[in-house]
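Chemist: Before I ask anything, here is the structure I am working with.
The values are calculated or read from the model by the stated rules, or taken from the named source; none is laboratory data. These figures come from a predicted structure and were not determined experimentally. Note that each Cβ is placed from the backbone with ideal geometry, even for glycine, and that neighbours are counted across all protein chains shown.
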Amino acid sequence: MIELVRTDSTSPEFVELVSLLDADLHVRDGDDHSFYAQFNKIDAIRYVVVAYNNQLAVGCGAIKAYSPDTLEIKRMFVLPEFRGQGIAGKVLAELEQWAAELGYASLILETGKAQPEAIRLYTKSGYQVIPNFGQYVNIENSVCMSKPIAQQPVQEG
């Protein structure tokens, strides 16, 4: 049973998962890793989802403001031994729900050509390839994607 917990970038489990993600990306990206790493700092991310399996943190993802109506998906990761179980899709859906609750109209993301499983996840989840944005313009190994999201009315409690 996967439990999704909303938190922020101060979560020790999130910090640990991100360190494992960075190690994985260092291998995949090779010499390009330092370029990408500068855009993946987590110290000020306010919207983080951590996935737990029996109290063990097994996956994560985050969203951060890109523009007044768009959030950027960051730091998506699932431990290798838990991949293929739909955890990343659950984290992504929770991030989309949270973005809608916050009143954002769309989500964007950047992933790498060296991460075909990520591209499959996002495509299957309704994301479309877009021209590379921001710092990823003219970066050949980057794949940028976006998805409009339906805004949810804020629930009064």
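Chemist: Name the residues in the stretch 121-145 that are outside any loop (DSSP other than H, G, I, E, B) and modelled with pLDDT under 95, would you?
Modeler: Matches in the stretch 121-145: GLY134, GLN135, TYR136, SER142.
Chemist: So GLU81 passes all but one of these: (1) modelled with pLDDT of 95 or more; (2) surrounded by 15 or more Cβ atoms within 10 Å (Cβ to Cβ); (3) part of a helix (DSSP H, G or I). Which condition number does it fail?
Modeler: Against the list (1) modelled with pLDDT of 95 or more; (2) surrounded by 15 or more Cβ atoms within 10 Å (Cβ to Cβ); (3) part of a helix (DSSP H, G or I), GLU81 comes up short only on (2).
Chemist: Exactly one of these conditions fails for ASP8: (1) at pLDDT below 90; (2) under 16 Å from the mean Cα position of the chain (by Cα); (3) more than 22 Å from TYR127 (Cβ to Cβ). Give me its number.
Modeler: Against the list (1) at pLDDT below 90; (2) under 16 Å from the mean Cα position of the chain (by Cα); (3) more than 22 Å from TYR127 (Cβ to Cβ), ASP8 comes up short only on (1).
Chemist: Collect the residues in the stretch 81-101 that are within 11 Å of GLY59 (Cβ to Cβ) and of a type in the set (A, V, I, L, M, F, W, C), keeping them in residue-number order.
Modeler: Residues satisfying the conditions are PHE82, ILE87, ALA88, VAL91, LEU92.
Chemist: Mind checking which pairs have a first residue in the stretch 66-91 that is among the β-branched types (Val, Ile, Thr) and a second that is part of a helix (DSSP H, G or I), Cβ under 6 Å, 6 or more apart or different chains?
Modeler: What qualifies is VAL78/ILE87; VAL78/ALA88.
Chemist: Right, another one. If I go through the stretch 104-117 residue by residue, how many of them are modelled with pLDDT of 95 or more and surrounded by fewer than 18 Cβ atoms within 10 Å (Cβ to Cβ)?
Modeler: 2
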